[in-house]
Amino acid sequence: MLPLLQRVAEYVRAHSLIRAGERVAIAVSGGADSVALLRILLELRDELGTVISVAHFHHGIRGADADADEVFVADLASRYDLEFQVERGEAPARAKDSNISLETAARQLRHDFFTRILHEGKVHRVATAHTMDDQAETVLMKALRGAGSRGLSGIFPEHQLAAGRIVRPLLEVRREELREYLRAGKQGWREDASNADLSFARNRIRARVLPMLRAEANPSVDHALAHLAEIARAEEQYWSDQMARLLPLIVVPGEPARGGGRRQTSSPGIAIDIQKFSQQPLAARRRLLRAAAEQLGRRMDFEQVRAVLHLISQRAERGAQKKIVELGDGWRIRLLFRELRFEAAELQGSSADYALPLRIPGEVSLTALGTKIRARICQDNGNVKNASYNPHSVRVPAITELLVRNWKAGDRFRPARHNSEKRVKELLYPLHLSEEEKRLWPVVVARDRIVWVRSIDSPELRTEAGERLLIEESLE
């Protein structure tokens, strides 16, 4: 076996995890794995050509022990003259408020911290110390929960975010090997007592299940599970490419119209041609259902997929009976004569008003419509002073927050290239909306003035400072 440092360097280069000239923040908790990652990348930084800093997150869980971890990591960064970034959170409060597990809350807070570091632009990557043992535990837990190849892909070598990447250089290194490396270098670390708490599922897998499998089934079970994850990642990439090719071929635009043909609709949903869908092999049909649901921000489990396939196979026998599979959160799949329709069930008969604050910049999700509305300042290079002479531009009051709401009777709006306001009701006539769509149709309001209406050509918006304000819409 190659020496540890050489193996890590080759793994980093093979997956392009770190490139020369990049700044990398090492996520150091104080435990053996993260301390080893820091020491290894310190030894490799000249070879890799990278600038290293240290990032530490205090989860607000373990009291004085967690405070001591923070001090330990700060001293470690100081010893090697590295920039140190630290942030504190309250995982127990997040878990309670969001009704999620403590583990999930801690992971979310930590991920938010990494995202902020990357967004600030001080670093290009955040490196975490996930090992082969972590990979084996993750894959086994996913398998026990009935995951498909996506879940069995486990932990990926890197995770792409909008502002940068989270990378895992140690996924092919065993946990015990890292401890031997630290002992050889006389480097201490902190032990997290919560790792021995068997109330956590991962700890039970680590302390009981995997040792039993090593002793009774396969001494190299960790390698086997890591290899399974690598195979599953390649399989998942293949199927992802296939879905990108196949899904557009079976999706039917619009919805059936009375008297035949189809009409365009802006309501959220996807329709699949059953004949084309049924020509695909079973593996592809299962994937296509999940891919269609994911386009709408929904997830389908195995039982839901099986229920839909059963509906299709039995449609001739069931005649005109109602054929629906509920997806939850107000979404369903409805079987029609020639198509399978994914739709937001809550739109049927819904009359609830809504009003949601929209920050500048920021975005809001309209779940019932399956869409997001985003506001941002456009950094155009035009002459801001001249923008004031555009006769069709609209000045937005000096505020930091807009309001997204459904339109109401009496609302008026001045579309682009119009010199006067018109009733929103009249502007919506040409869109041929259903009553459900019409009730929920969104507008954006600045103070008491409507400045944007969905699907209506809106005027150019300028802030009081002359900056161009863009309001955009995208599917969730």
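The values are calculated or read from the model by the stated rules, or taken from the named source; none is laboratory data. All values derive from a computational prediction rather than experimental measurement. Heads up, the Cβs are rebuilt from the backbone with ideal geometry, glycines too, and the neighbour counts pull from every protein chain shown.
Is it fair to say A95 is in contact (Cβ under 8 Å) with a residue 24 or more places away in the chain and surrounded by 17 or more Cβ atoms within 10 Å (Cβ to Cβ)? No, not satisfied. Of the residues that make up region 52-65, is at least one surrounded by fewer than 22 Cβ atoms within 10 Å (Cβ to Cβ), hydroxyl-bearing (S, T, Y) and either in contact with a Cys (Cβ under 6 Å, 6 or more places away or on another chain) or modelled with pLDDT of 95 or more (or both)? Checking region 52-65: at least one residue is surrounded by fewer than 22 Cβ atoms within 10 Å (Cβ to Cβ), hydroxyl-bearing (S, T, Y) and either in contact with a Cys (Cβ under 6 Å, 6 or more places away or on another chain) or modelled with pLDDT of 95 or more (or both). Scanning region 326-349 for residues that are modelled with pLDDT under 85, surrounded by 15 or more Cβ atoms within 10 Å (Cβ to Cβ) and not hydrophobic (A, V, I, L, M, F, W, C) turns up G330, E346.
Look at (1) exposed (fewer than 15 other Cβ atoms within 10 Å of the Cβ); (2) under 22 Å from the mean Cα position of the chain (by Cα) and you find that G151 fails only one, number (1). Yes or no: S313 over 27 Å from P430 (Cβ atoms), at pLDDT 75 or above, surrounded by fewer than 11 Cβ atoms within 10 Å (Cβ to Cβ) and of a type in the set (G, A, S)? So S313 fits the description; yes.
Among the residues of region 417-449, which ones are assigned to a helix (DSSP H, G or I) and surrounded by fewer than 13 Cβ atoms within 10 Å (Cβ to Cβ)? Matches in region 417-449: E426, Y429, P430, E435. Of the residues making up region 6-22, those that are surrounded by 15 or more Cβ atoms within 10 Å (Cβ to Cβ) and in contact with a helix residue (DSSP H, G or I) (Cβ under 8 Å, 6 or more places away or on another chain) are V8, A9, V12, L17, I18. The residues listed here are A127, A105, A74; of these, the one that is assigned by TED's automatic domain parsing to the domain that holds I18 and in contact with a helix residue (DSSP H, G or I) (Cβ under 6 Å, 6 or more places away or on another chain) is A105.
Using the structure shown, decide if I360 is of a type outside the set (F, W, Y), farther than 30 Å from P253 by Cα and either at pLDDT 80 or above or under 30 Å from the mean Cα position of the chain (by Cα) (or both). Criteria met by I360.
Here A224 fits the description: surrounded by 12 or more Cβ atoms within 10 Å (Cβ to Cβ) and part of a helix (DSSP H, G or I).
Residues satisfying the criterion are absent from region 112-120 (criterion: within 29 Å of L225 (Cβ to Cβ) and over 20 Å from the mean Cα position of the chain (by Cα)).
Scanning region 98-146 for residues that are buried (at least 17 other Cβ atoms within 10 Å of the Cβ) and of a type in the set (V, I, T), we see that the one that is farthest from V54 (Cα to Cα) is V139.
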